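Here is the structure we will look at, set down as structure tokens.
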Amino acid sequence: MVYYLTYTLLGIILLPGIFLAIWAQFKVTSTYNKTRTYMPTSTDKTADVIAREILDKNGLHNIELTHVDGELTDHYHPKKGYIALSDASYGQHSIAAISIAAHEVGHAIQRKEGHFATRLREFLVPFMRISDVLLWPLVVIGLIFNIGASFNSLIGNIFMWSGVAFFGLAALFSLVTLPTELDASKRALQQLEKGGYLLTKEELSDAKSMLTAAALTYIASLLVAILNFARFLLTILILRNEDR
């Protein structure tokens, strides 16, 4: 109960991250709604056609382009070697659709060129899946063993600090994801600018605005992950100090 109350009260340190996340989501939504209204753009090519051309120009003929249901469900699957474009992107001419498609292609180019942050992120993905399953069970078991033991239980501390490590892993994953996403957006803009797709300067500026707004969500995720790690660590340190 004491742990729960302390952890809940320390939730206040998450507020900056939460506010940034809300603002970032608003920015993405408003920018996305604005840029998807351009129908069509100066180019007569749809997002999937442009994505295919960029892939081929970069020697990525083996990457398959597929269609996935939904909106903003676009993604690149490095292991299976495909890019899935959502209903709002596949076959569409809007700046939003083209920007998102080019961004996903940017990820494929990263992998081909061995981008360090991208490789590190892929390496961490399996550990993140394990973390999602084990994090809270480890914490709870650790606390159970430490109840009445003034946080001196060897087994309890092993479990508890393993939980702390997983919180830290989540922060590290967000830290690695940020430069990965920023670099993919940078590559997307470069490909659109030099690809000869007849986009105007204003449209390229709008594409940059769309991708910049999306980057804000990753910045917010990183801040929340760091603050959540700090919140959990402070909770343990405060309780350890009170038990002594």
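Since every read-out is calculated from the coordinates, none of them should be taken as a lab result. Just so it is clear, the model here is predicted, and its values are computed rather than measured. Using ideal geometry, Cβ is built from the backbone for each residue, glycine included, and neighbour counts are taken over all protein chains shown.
Here are the numbers:
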item: log10 of Debye I(q)/I(0), alpha-carbon scatterers only, for the stretch 4-58 at 0.14, 0.29 Å⁻¹; result: -0.65, -1.03
item: Taking N as its residue count, the alpha carbon Rg of the stretch 122-244 over 2.2 N^0.38 Å; result: 1.54
item: Length-normalised contact order of the chain in % [C-alpha pairs under 8 Å, at least 6 apart]; result: 28 percent
item: Quotient of C-alpha Rg and 2.2 N^0.38 Å, computed over the chain; result: 1.23
item: Under the span-like rule (Cα at least 18 Å along the axis, Kyte-Doolittle mean at least -1.0), DSSP H helices of the chain; result: 15-35, 95-113, 116-146, 154-194, 201-242
item: Cut-off under 5 Å, modelled amide H: who pairs with Glu64 long-range; result: Tyr82, Ile83
item: Burial ordering of Trp136, Trp161, fewest other beta-carbon atoms within 10 Å first; result: Trp136, Trp161
item: Pairwise Cα inverse-distance average, inverted: Kirkwood Rh of the stretch 2-105 (Å); result: 15.7 Å
item: Cα-only radius of gyration and Dmax that characterise the stretch 35-179, units Å; result: 21.4, 70
item: Residues of type lysines that Lys112 reaches as a straight line, Cα spacing below 28 Å, ignoring anything fewer than 8 places off in the same chain; result: Lys45, Lys57, Lys79, Lys80, Lys186, Lys194, Lys208
item: Size of electric dipole in the stretch 1-91: Cβ of Lys, Arg +1 and of Asp, Glu -1, about Cα centre, debye, nearest 20; result: 280 debye
item: Sum of -39500 (n - 2.57) over DSSP H runs of 4+, divided by residues of the chain (222 nm, nearest 500); result: -25000 deg cm²/dmol
item: 12 Å tail of the calculated P(r), the stretch 90-139, as % of Cα pairs; result: 72 percent
item: Whole-percent pair-distance distribution, where bins are 10 Å wide, for the alpha carbons of the stretch 41-87; result: 26, 52, 21, 1
item: Percentage relative contact order, the stretch 19-95, counting C-alpha pairs under 8 Å, at least six apart; result: 37 percent
item: Residue order, fewest to most beta carbons within 10 Å, for Val139, Val105, Val49; result: Val49, Val139, Val105
